[in-house]
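Structure first, then comments.
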Amino acid sequence: FLFSVPTVAKRLTIVSTHTSTQCCGPNRDIFLRELISNANDALEKLRLTALTDKSIWDGTEPLNISIKAVKDEDGKNARLVISDTGIGMSAEELSTNLGTLAKSGTSDFLAQAESSDSTGTGNLIGAFGLGFYSSFLVADRVYVASIPPKTARNPNPVQNVFSSNADDSAFEIFPDPRGNTLGSHGTEITLYLKEDSLEYLENDKVTALVNKHSSYSTAFPIYLFTQTTEEVPDEEAIAEAAAKAAAAAASSSAEAAKSTPSEEKDSDEAIVEEEKPETEEKKEPEPPKTKTIVVDDWAQLNALPPLWQRDPKNATDEDYELFYTAFWKDYTKPLSWTHFSGDSESGTSFKAIIYLPGKFDDEYWKQPLAYKSEDVKLMVKRVFITSDLGEDVLPKWASWVKAVIDAEDLPLNVSRETLQSTRFLRQLKSIITKRILQLFNRIAEDDEEKFKKILEVYGSIFKLGAVEDFKNRDKLINLARFSTNQRNYTSLDQYLENKKQGQKQIFYLSEMGKSTEDLAQSVFVEKLHARGYEVLLLNEPLDEILVQNLRQYKNIPFQDVAKAGLKFGDEDVEKEEKEEKEEQTERYAPLLKYLKEHSKDVVRDVVISNRLVASPCAVVADSHGYTGNIQRMMSAQTK
Ligand code: ADP
Ligand code: MG
């Protein structure tokens, strides 16, 4: 049957040619990663289906991926063949998966690619992936032969071929004329390479690509077809030599029989003596008769253990970054990571890598406490088990973390439900949380520049965590940094170290969305600043919530400088000010009376203040009243 693929393939060709001007190599390279990831998925699907239906796969046939470069004897028809022993596809599946999914899967990408300039397209290909259709970046014709496993519903599966080319807008599906060549299940993708893509015939090129992009994305072995030369016994030559030797032996014994032994013996002996060395040499075993032959071989490309299983000493930053990208499909570099092994209290030993992503998923800040990620991957003995670890495996403030955890001694066939009741999983929460906090602390202590970058992404996380995670509150507050009228990046501990003698409050001014410069200029900060006090300038959404939740830090209460209740703690000055204030209150009594009368509907009181230096007056919130910030929020709601 014949289906139509409207223009997708054509448009892809355009993409590939217009990126080919400068950086096509690395861009086209992605086809291999995509096809290997599809093969991995197919193998994984087979393994998972077989958990409930052993008849599909009994665990003995190997699950693997193989890559082979071939061409005809005349050098034509160069092709790269990528096969897997995975779940395969029926004719219908070939049609829907490869014919229609590609349409929707690539349309977003193409829309993106078209709206950006040509230099941006290169990254877009890598970032979004073209899936199966990336084949056409390097091939002008693609055949996909595939056979699904035998099941009750499909007792006699047939090997079919899906065929499509880059310029045409149609594909065909037909029974494979070769019959069943793939065994009981699997898929074989044959790429007829374009003239400009013949480099992919070279094993070195393929090896490098697999190492770079795919060595971490699959636990299944990837084999590359190689041909090596080998010296083997040359049976023909040996047989020939043996025949000659036999003939020679026959003739010499015949001669010996003819000669007269007694006469010639003496003289012969003398000659034999002399000739001995030569005779000895002749008797030595002949050099082995060998010939050079070409042997077909399959070399495993991803023979290294997965990164988390390796000794961190033998892994480079690049290894960690490449693994991160391949494993989580996140193309923003991680900010940091920690790689460790341990034994949980329940006795399960495990290896893990925890990453701090370089940015958050867009969804995260929309609902940080309800955000659910699937980025903590649990493996058992290197086999992926689940990334759905249930609600409580992470504290809510840390639900963005990306981690891989490989447990040694959990049963491989552990189901998600039984897993959730294992003690190990319950212990994971504290293991992960502890390590994340350690990692942040280490950076805060050792690497100021790096910590500033961390603060850009995670600054609000520390504040959120301090509000939400009572158990780790102190550790999280210690990581939070604030701007003040005196400096940036102040921790609360640093603030306390810097407090003035007698100061009994942590001063802050909070107005969401205002710049710290504006806050510093506020009339409320003036007086404190002039007298050398440090004031926290809070302008982030979580700041006010944090301060109101904490109320105090190390037994020192927070004091909103825009609210009544401010104490300088500087006794003499305070006394002096009190007297001055009383004197002024008396002197300005008529003015106060006048102002009170005329503004009684808007303010509760009018008083003389010693807080102001340069400004003539200020409207402040009552100490038990709402802050300006919250009032603004409330009036916005009632509008
Ligand atoms: P994605 O992998 O994102 O789903 P692709 O375009 O890469 O998109 O693949 C489309 C679909 O084709 C896959 O979802 C899968 O159903 C099917 N497919 C692709 N390659 C294979 C394969 N090697 N074995 C079985 N199914 C495959
Ligand atoms: Mg894919």
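Laboratory data are not the source of any read-out in this text; all were calculated from the coordinates shown. Here the structure is a predicted model, which means the values were calculated and not measured. Virtual Cβ from ideal backbone geometry, glycine too; neighbours counted across all protein chains shown.
I want the local charge near Ala39. Using Cβ-Cβ distances under 14 Å, sum +1 for each Lys or Arg and -1 for each Asp or Glu among the other residues.
-1
Would you calculate the convex hull of the Cα atoms in segment 480-616 and tell me its volume per residue in Å³? Display every interim value, and only then the final one.
Details: hull volume 16.9 nm³, N = 137.
Value for segment 480-616: 124 Å³ per residue.
Can you order the peptides 344-356, 30-42, 53-65, 202-214 by their average number of other Cβ atoms within 10 Å per residue, highest first?
In descending order of packing, they fall as 30-42, 344-356, 202-214, 53-65.
Kindly write out, for segment 38-45 in residue order, the coupling ³J(HN,Hα) from the Karplus curve 6.51 cos²θ - 1.76 cosθ + 1.60 (θ = phi - 60°), rounded to whole Hz, with x marking Gly and Pro.
5, 5, 4, 4, 5, 5, 5, 5
How many nm is it between the label spots at Lys578 and Val295, if each spot is 7 Å from the Cα in line with the beta carbon?
Reported label-point gap for Lys578 and Val295 is 9.8 nm.
At a 10 angstrom cut-off on C-beta neighbours, averaged per residue, how do the peptides 218-227, 575-584, 192-201, 306-315 rank from highest to lowest?
Packing proxy ranking, top to bottom: 218-227, 192-201, 306-315, 575-584.
Which of Lys499/Lys581; Lys402/Lys514; Lys71/Lys291; Lys471/Lys499; Lys212/Lys453 have a Cα-Cα distance over 29 Å?
Values: Lys499/Lys581 25 Å; Lys402/Lys514 33 Å; Lys71/Lys291 25 Å; Lys471/Lys499 27 Å; Lys212/Lys453 27 Å.
Check vs 29 Å cut-off fails for Lys402/Lys514.
List the residues whose amide H sits under 5 Å from the amide H of Lys377, counting only those 5 or more places along or on another chain, with H placed 1.01 Å from N in the peptide plane.
Counting only residues 5 or more places away or on other chains, the set is Ala403, Val404, Ile405.
Taking just the alpha-carbon atoms of segment 318-447, what radius of gyration and Dmax come out, in angstrom?
Rg, Dmax (Cα atoms, Å): 14.4, 43.
Collect residues whose amide H, placed 1.01 Å from N in the peptide plane, falls under 5 Å from the amide H of Asn485; neighbours closer than 5 in sequence don't count.
Val535, Leu537
Taking a 31 Å limit on the Cα-Cα distance, which of the listed pairs Lys333/Lys366; Lys313/Lys463; Lys463/Lys563 fall beyond it?
With Cα atoms farther than 31 Å apart: Lys313/Lys463.
State the dimensionless ratio Rg/Rh of segment 129-208 (Rg: radius of gyration of Cα atoms; Rh: Kirkwood radius).
Radius of gyration over Kirkwood radius for segment 129-208 works out to 1.04.
What ³J(HN,Hα) values, in whole Hz, does the Karplus curve 6.51 cos²θ - 1.76 cosθ + 1.60 give for segment 479-495 when θ = phi - 60°, with x put for Gly and Pro?
Whole-Hz 3J(HN,Hα) from phi for segment 479-495: 8, 5, 10, 10, 8, 10, 5, 10, 6, 9, 6, 9, 8, 5, 5, 5, 4.
Quick one: Karplus J couplings for segment 544-560, per residue in order, coefficients 6.51, -1.76, 1.60, θ = phi - 60°, nearest Hz, x for Gly and Pro?
So the Karplus estimates, Gly and Pro as x, are 5, 4, 4, 4, 6, 6, 6, 6, 8, 10, 6, 6, 10, x, 7, 10, 6 Hz.
Please list 329-335, 69-75 highest first by mean number of surrounding beta-carbon atoms within 10 Å per residue. Provide the component values of the computation, followed by the final result.
Working: 329-335: 15.4, 69-75: 10.9.
Order by mean packing, descending: 329-335, 69-75.
Taking amide H positions as placed 1.01 Å from N in the peptide plane, with prolines and chain starts having none, which residues 5 or more places from Gly186, or on another chain, fall under 5 Å of its amide H?
Hits under the 5 Å cutoff: Gly88, Met89, Ile147.
Compute the length gained on full extension between Glu448 and Glu240: take 0.36 nm times their separation in residues and subtract their Cα-Cα distance, giving the result in nm to one decimal. Could you put the intermediate results ahead of the total?
On the way: separation 208, 0.36 × 208 = 74.88 nm, distance 7.89 nm.
Result: 67.0 nm gained on full extension.
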